[in-house]
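Before any comments, here is the structure.
No lab work stands behind these numbers, since they all come straight from the coordinates. From a predicted model like this one, the values you see are computed outputs, not experimental measurements. Virtual Cβ from ideal backbone geometry, glycine too; neighbours counted across all protein chains shown.
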Amino acid sequence: MSSQTVSTVPKARSFAIRFGVSLLAATGLVVLALGARGIAYVGRMMASARPHLPDLGLIATASPAIQIHLATVLTAFALATVQMVGPKGRAFHRINGWALSILLAVTAVASLFIHDPRGGLFNPFQVFSVWTLIAVPWAVISARRHNVRRHAAIMSGLYFGALVIAGALTFLPGRLMWRVFFG
């Protein structure tokens, strides 16, 4: 990779815009997926929500897969945010990128062991996991081949799709993160 760096001020503004658009997209996807009855249900749940300090006991009693997933995804989100706004092409970016790649892979594998709370073997969020297990090696190979444009596109897609949008969806009423903060 090139040792060329870019100012982070315009990048930070661009990042904030893409972050906001991603949250709006997540909201739109939820609205489409839920339909009128689902939206009414979510509205009732949100109206009765009582925000409180996190109930960490819920996480402590969750399955090991959920605990591993939560620990790695929170760490990955922090590292990925640093990657998105920081200068590219330097040693820190490469080292942080390797750590992020490992965290994303572990997060995805752990989530494959999180089953549908209604008793099913699979849950819809595992689509993000399968995509992550494909995209991470693809992004690494792209970086190793100095295809910066493809690498950036894949990693940005993972950040906004698998971390921001999927992360926002974990706060839907009834899900674990909802119960930790609002239930």
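FRET efficiency for PHE171 and ALA16, Cβ-Cβ distance as r, R0 = 30 Å, nearest 0.05?
Numbers: r = 20 Å, r/R0 = 0.67.
Efficiency, rounded to the nearest 0.05: 0.90.
For the range 8-181, report the translational diffusion coefficient in µm²/s to the nearest whole number, using Stokes-Einstein at 37 °C, 0.692 mPa s, and a Kirkwood Rh over Cα pairs. Please list the in-between numbers first.
Details: Rh = 17.4 Å.
D = 188 µm²/s.
Report the gain in length on full extension from PHE125 to THR81: 0.36 nm times residue separation, minus Cα-Cα distance, nm rounded to one decimal.
Taking 0.36 nm per residue and subtracting the Cα distance, the gain is 13.7 nm.
I need MET155, MET84 ordered by Cβ neighbour count within 10 Å, fewest first.
Ascending number of Cβ neighbours within 10 Å: MET84, MET155.
Between ASP55 and ILE134, what is the label-point separation in nm under the 7 Å Cα-to-beta-carbon projection?
Rounded to a tenth, the inter-label distance reads 3.8 nm.
How high is the FRET efficiency between LEU74 and VAL148 when r is their beta carbon distance and R₀ equals 35 Å, given to the nearest 0.05?
0.80
Find how much the distance from TRP98 to LEU112 grows on full extension, using 0.36 nm per residue of separation minus their present alpha carbon separation; answer in nm with one decimal.
2.9 nm
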